[in-house]
Amino acid sequence: MNGSWANVFPYLAGAFKLIILGIGAYFAIKWHFDEEKRVRKAEGVVFDNPSFMKKLAMMLAIPVLLILLVLLVIYATNWYLY
């Protein structure tokens, strides 16, 4: 079974599953935060907008963490398989 579809399928299915679950988790968390914001806004609570530096830090931190996670998964599977 060297190089057959059966050897590759678990990795593709696992990656697909993680992507779908990640997207679902993102929207679930976003919905909860938006719902809380809507309730607080109805109560009259004032929100402070995040500063430019905080937005910039988040824009840089998220891609770096995702790249590190991908590299970790790639090297962990190489260590495990070989």
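Of note:
- Hits in the range 1-21 - residues which are in a loop (DSSP other than H, G, I, E, B) and open to solvent by 100 Å² or more (accessible area, probe 1.4 Å): 1, 2
- The range 22-58, subset closer than 30 Å to residue 11 by Cβ and either among the hydrophobic types (A, V, I, L, M, F, W, C) or open to solvent by less than 100 Å² (accessible area, probe 1.4 Å) (or both), residue modelled with the lowest pLDDT: 22
- Positions within the range 59-82 being modelled with pLDDT of 85 or more and not in a helix (DSSP H, G or I), in sequence order: none
The values are calculated or read from the model by the stated rules, or taken from the named source; none is laboratory data. Computed from a prediction, not measured in an experiment: that's the story for all the values here. Note: ideal-geometry Cβ built from the backbone for every residue, glycine included; neighbour counts use all protein chains shown. Quick note on the areas: whole protein, heavy atoms, side chains included, nothing else; ligands and nucleic acids left out. Shrake-Rupley method; radii C 1.70, N 1.55, O 1.52, S 1.80 Å.
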